[in-house]
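Below: the structure, in C-alpha cells.
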C-alpha cells in the first residue's frame, strides 16, 4: 500500500481483504432479522437458540449481576422477552467479536490487550450512561466495545503498514489518529464505520464508531445516538487512566468533560471511578475473557502521585515520607474497619429499594419469635403483593417498574412504626413484621397501608402511575401454639395473600386457624 492511496481505494482494499474478520452466522442473521419491522421476539429467540454455546453464554450473563434481575431467566425466549431485542442483539455481537483473534500474519498488535481494553471501554461506557437519567442503555455496551474496531481491521488487513503506525505511537511521535491518517489517508473511526456498515449494522451502532473521538461532529437529531456518542467518547478518556502513563491528565480531563457533556455530578463521577476496575474484572468472567487483577483508579492515581513526589527527595526527606506513610497506613486501617461495619449493614439491604432484604427478614423474624416466646406476646406478619405487576412491567418497561418498586417501598416505610420491619420478600412481594401486635391492630395497619398505596400518585419525569396491592395477614402467639414453626407462620400469611388475590385484589385478608377468611 502507498501513502497516496485515497480513502475510496483504501476502503475497497479493506473490504476485499481475505484477512477481514467475518461475523458468525447467528450474528449476521440477527443483524438482518432485527432490521425488519415485522420481526417478532419469537423469531429472534428461535435464531439465537440454534447456537447452544452462544445461548448458554447469554443466559449466564442474563442471570449475573451484569443485569441484576430478581427472577432467574431459564430460556432464550424468556431472555429476549425480559432483556429486549436490542439488548440480546448487543450480547450476541459482544460474544461474536470477543472471539475474533489475530490473522495469519504476525504482528506487534496485541489482540488480547486490544480486547481487554475494548471490554474495559464497554464497561466504562455502560457505567457512564447509566448515570444519565432517562438514557437508553440497552446498546451502550456493544457501542463501547466496538468503538476502536477500525484498529483491529487495520491490524488484520494491512499488517505490515500498521506496524509503522504502532511504532510511531510507541515512540510518541504521533497519536493514533494522526499516525493512521499519515500512513493510510484515513483513521480507524472511518474504517471501522465502513466495515460495520458493510455488515448491515443499524445507525445506532454505526455512528458511535464513526464519532467516538469527536461526538460534536455528529449533527443528527437522534437523542439516543447523541448520548451514546458522548458516553463512548468519555469511556475512552476514562480507560486511558487505566492504560496510559499519564493517568492524572486523563483523570482531570474525564472529570471536566463528563460534567460538560452529560452533566454528571461529582458524586456520579466518583461512583464511576470507584466501581470501574471491579466491574471490568466481573465482565471478563461473564464474557470469557481472562483479565489479570487490575488496580483501581484510586490506586493508579495514588501511585502516580507517589512517583511524582519521590523525584529529587534526599535521604532525610524519604525518611520523613516513610514515617508519614506508616501513620497514613494506621489511619487507613481504622478507616477500613469502619467501612467494613458499614458493608456488613449493606449486606442486609435490597440493592434496588434500599429496604431490608429477604435474608434480613428471616433473621429478624427468628429474633422476634424468640422475643415473643420470652414475653408470651403476639406477633403479626403482613405479606404484600403488587397487583398485576408483571403486566405493568410489560406495558411500561422494567425501568418504570423499578421506579414503582422504590416508591412502593417508600410509602410502606413511611406508614409503619419505627420498630416494625419492612423487607423485600422477592420480586414484587414485600413483608412486614409487626412485633407485639394483635390481629385486630395488624388489620388496621394493613388497611392503612392498602389505602395509602391505592391513593398514591407515583410520578416520575414523564408520567403518573397508579398501582394497588393485596395483603395477607397472619397473627400468632408462639408460646401457646403446639409445634409452632416459623415456616408455617409465613405460610399462613401467604395463604391469606393468595385468598386476597382470588377475591379480586386490592384488599386485606386475615388468616384464621379455622380457615375462615376475613376480608377488608
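Please treat every number below as a calculation from the coordinates, not as lab data. These numbers were taken from a predicted model, which means no experiment stands behind them. Reconstructed Cβ throughout: ideal geometry from the backbone, glycine too, with neighbour counts over all protein chains shown.
Descriptive notes on the structure:
- Anisotropy class of region 22-99 from Cα gyration tensor, a/c 1.5 cut: oblate
- Three-way shape call for region 181-261 based on the alpha-carbon gyration tensor, with the a/c threshold at 1.5: oblate
- Normalised by 2.2 N^0.38 Å, where N counts its residues, the alpha-carbon radius of gyration of region 358-519 equals 1.04.
- Relative contact order [Cα under 8 Å, 6+ residues apart], the chain, whole percent: 10
- The equivalent ellipsoid that matches the C-alpha gyration tensor of region 224-287 spans semi-axes of 19, 16, 12 angstrom, in descending order.
- Prolate/oblate/rounded call for region 54-213, Cα gyration tensor, a/c under 1.5 rounded: prolate
- Proportion of all alpha-carbon pairs of the chain beyond 42 Å (%): 36
- Relative contact order, whole percent, for region 80-162 stands at 36, derived from Cα pairs under 8 Å and 6 or more residues apart.
- Part-to-part distance (alpha-carbon centres) for region 443-484 and region 236-298, which is given in Å: 42
- Relative to the longest principal axis of the Cα atoms of the chain, the long axis of helix 297-310 makes an angle of roughly 50 degrees.
- 188, 251, 375 arranged by Cβ crowding within 10 Å, fewest neighbours leading: 375, 251, 188
- In degrees, nearest ten, helix 111-129 long axis to first principal axis of the chain (Cα): 50
- Looking at the chain, the DSSP beta bridges with both ends there are about 85 percent antiparallel.
- The chain: calculated mean residue ellipticity at 222 nm from DSSP helix runs of at least 4, using -39500 (n - 2.57): -19500 deg cm²/dmol
- Short-range pairs are left out: with C-alpha atoms under 8 Å and at least six residues apart, the relative contact order of region 331-456 is 32 percent.
- Folded to 0 to 90 degrees: helix 159-170 orientation relative to the chain principal axis, Cα: 80
- Which of 286, 511 has the fewest Cβ neighbours within 10 Å, and the rest in rising order: 286, 511
- What separates the Cα centres of region 111-142 and region 360-414 is a distance of 34 Å.
- For the listed peptides 168-177, 326-335, a ranking on the average number of other beta carbons within 10 Å per residue, highest first, reads 168-177, 326-335.
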